[in-house]
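The next block holds one structure in the form of C-alpha cells; read it before the comments.
Only the coordinates and a few stated rules stand behind these numbers; no lab work does. None of the values given here were measured: they were computed from a predicted structure. Methodologically, a virtual Cβ is constructed for each residue, glycine included, from the backbone with ideal geometry; neighbour enumeration extends over all protein chains shown.
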Amino acid sequence: MSLSDCKIIDLPKIEDHRGNLTFIEQNEHIPFDIKRVYYLYDVPGGGVRGGHAHKALHQFIIAASGSFDVVLNDGKEQQRHHLNRSYYGLYLPPMTWRELDNFSSGSVCLVLASEPYGEEDYIRDIDEFYNETS
C-alpha cells in the first residue's frame, strides 16, 4: 500500500433549486461493499480522532457538514487532505495510518466501512504499524 492508493473520489451531485442531493452506491462510486456506517460529531476544539490503521478494512470518509483534515501515513510518507464538501470523499485502503484533526465547529465526519467493527483489525500503535509496513 502507498499513499497513491488513497484518493479523493467525486460523488454524483444532483443540483436543484430546492437543494442538492448526493448519493453513494457500493462498488459503483466506492470500491467496496458497505457493511458499516458511522459518523463523528461534536468533536471538541483541538480534538484529534483516529490514530490507527486497519489491517483489512477499506474506508471512505466524507465531510457531511463542516470541515476537517485527514492526515495519512503509509509508513514512508505523510499526506494531509482537507475535506470540506459533502459531494466528495477520501478513499482509504487497508494499512493506511490516519488521524483526523482541525475539525470546524459543527462538523460531521461520515465514514463508510467495508466490514463491521472488529477490534482485531486495528493497529493502534504507530511503532507496530511501522514494523508491519517496512
For this session: Express in nm, to one decimal, how much length is gained between Asp16 and Asp33 on full extension, taking 0.36 nm for each residue of separation and deducting their alpha carbon distance.
Result: 3.2 nm
Problem set entry | Charged-residue dipole, Cβ positions (Lys, Arg, Asp, Glu), the chain about Cα centre, Debye nearest 20 | 400 debye
For this session: Evaluate the distance, in nm, between pseudo-label points positioned 7 Å from the Cα of Asp5 and of Gln78 along their respective Cα→Cβ axes.
Result: 2.1 nm
For this session: Could you list which residues have their amide H under 5 Å from that of Gly50, counting only those 5 or more apart in sequence or on another chain, with H placed in the peptide plane?
Result: Leu100
For this session: Give a residue-ordered list of calculated ³J(HN,Hα) values for segment 87-101 (Karplus: 6.51 cos²θ - 1.76 cosθ + 1.60, θ = phi - 60°; whole Hz; x for Gly, Pro).
Result: 9, 8, x, 10, 8, 10, x, x, 6, 10, 6, 9, 9, 10, 8
For this session: Name the shape class, rounded, prolate or oblate, that the alpha-carbon gyration tensor gives for segment 15-132, where a ≥ b ≥ c are the square roots of its eigenvalues, rounded holds for a/c under 1.5, and otherwise prolate holds if a/b is larger than b/c and oblate otherwise.
Result: oblate
For this session: Select from segment 1-107 those GluC sites (Glu not before Pro) which occupy a DSSP coil region and have at most 12 other Cβ atoms within 10 Å, ordered by residue number.
Result: Glu15, Glu25, Glu28, Glu77
For this session: Tell me the label-point distance for the pair Ile126, Tyr87, using the 7 Å Cα-to-Cβ offset, in nm and rounded to one decimal.
Result: 3.7 nm
